[in-house]
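Presented below is the structure to which this report refers.
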Amino acid sequence: MTTHTLELKNLTKKIKSKTIVDDLSFSVREGEIFGLLGPNGAGKTTTIRMIVGLISITDGDVFINGTNVRGNYEKAMEQVGAIVENPQLYDFMSGYKNLMQYARIMPGVTKERIDEVIKLVDLEYAIHDKVKTYSLGMRQRLGVAQALLHKPNVLILDEPTNGLDPQGIYDLRNYLRLLANNGTSVIVSSHMLAEMQMMCDRVAIIQHGKLVRIDEITNQEDEADVKVHFQIEGDVHEAKKVLSDMNPELDVTESGNELIVQVADLKSIAGLNKQLVLAGVLVVGIQRKTKTLEERFLEMTKKGGDLNEVAVPVNE
């Protein structure tokens, strides 16, 4: 049976007459990295702020480990670690003293636990240096260590890769995967498509405060999203005519020396190849391609309307 550590039910936020988050519902599984993906202004940070109680909920509910945030906030937050926007740190203190300071308000955090999280985020070499000397990536890792001190089973990070260099992003991704493998549910918001595709197990695509779709990343074998590329030696136009005449329901297009076919069933690939071969077409290669998260995102947000608002750096 799947355990859900976080559940949103019809979550809504209105400010005066404007709806910022609109009837949002989804669940996060134990031990997965779950992404909130959307353009700037989509409602991601507002959603996170409601989850952790930084702003009020207009309507709907948030359940953390089965406890309603609106009904029993303190109990719900016992197993939550969060960084909303930037980690709050004391620059004039060392990394270690920052963790000690935070541990004072968290019952049961031992010196051994502090040492454990320092090792987890690989800051042992700099933990006694003042935070003002830290790079942005080091600050982010110290923030994650701070959020993990009390052993939460839900970790929430708002735009955690902002400003990080490629090495910092790579390191953070590895730390989060280690946590997820040990049973922690990690919720990450971002507008960076390529990074979310590498980091997450599933993503909720949000636009204008509404849930557009929840997409599986680790298993993108959605057959409706699969195109098959047949590499043809010879007359591609004649090869297209063969498939189109025999399969009028198929979407067949030409591209250079390739036929591109949208298939509804992966098992049909062998049959299509056989049709081409029996018609005398020389097929020199077959390649199956699924849509990337970027392609899916742009498709979905186009359907939602205002694509001009989607500012998505995909190569960072």
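Taken together, the values in this text are just the output of simple stated rules run on the coordinates, not laboratory data. These numbers were taken from a predicted model, which means no experiment stands behind them. Positions of Cβ are generated from backbone atoms using ideal geometry, with glycine treated the same way; all protein chains shown enter the neighbour counts.
On the beta carbon distance between SER56 and SER17, with R0 = 22 Å, the FRET formula returns roughly 0.85. Taking amide H as placed 1.01 Å from N in the peptide plane, the amide H of ALA82 sits under 5 Å from that of ILE156, each at least 5 places away or on another chain.
Shown here: mean projected area of the Cα convex hull in nm², derived from the displayed model; of the candidates (1) 20.4; (2) 16.5; (3) 18.3, it corresponds to (1).
Per-residue Cβ neighbour counts within 10 Å put THR47, THR12, THR3 in the sequence THR3, THR12, THR47, beginning with the fewest. Summarising the amide proton neighbourhood of ILE206: residues at separation of 5 or more, or on other chains, whose placed amide H is nearer than 5 Å comprise LEU37, GLY38, VAL212. Listed by Cβ neighbour count within 10 Å, with the fewest neighbours leading, LEU282, LEU259, LEU149 appear as LEU282, LEU149, LEU259. Amide H to amide H, with H built 1.01 Å from N, LEU6 comes under 5 Å of VAL28, ASN65, counting only residues 5 or more places away or on other chains. For the listed peptides 18-25, 101-108, a ranking on the average number of other beta carbons within 10 Å per residue, highest first, reads 18-25, 101-108. Entry note, the chain: the mean residue ellipticity at 222 nm calculated from DSSP H runs of n ≥ 4, each adding -39500 (n - 2.57), is -9500 deg cm²/dmol after division by the residues and rounding to the nearest 500.
For a modelled paramagnetic label at LYS97, 7 Å from Cα along Cα-to-Cβ, the residues of region 106-132 in reach, with backbone nitrogen under 17 Å, are 126-132.
Filter LYS9/LYS151; LYS18/LYS75; LYS267/LYS289; LYS151/LYS210; LYS97/LYS119; LYS44/LYS289 down to the pairs with a C-alpha to C-alpha distance above 22 Å, please. Pairs exceeding the cut-off: LYS9/LYS151; LYS18/LYS75; LYS151/LYS210; LYS44/LYS289. About its Cα centre, the dipole of the chain is roughly 1200 debye, where the only charges are +1 on Lys and Arg Cβ and -1 on Asp and Glu Cβ. Dividing the mean sequence gap of close Cα pairs (under 8 Å, 6+ apart) by how many residues region 223-290 holds gives a relative contact order of 50 percent. Each residue of region 112-125 was assigned a 3J(HN,Hα) from its phi angle through the Karplus curve 6.51 cos²θ - 1.76 cosθ + 1.60 (θ = phi - 60°); the sequence is 4, 5, 4, 4, 5, 6, 4, 5, 4, 8, 6, 10, 4, 5 Hz, with glycine and proline shown as x.
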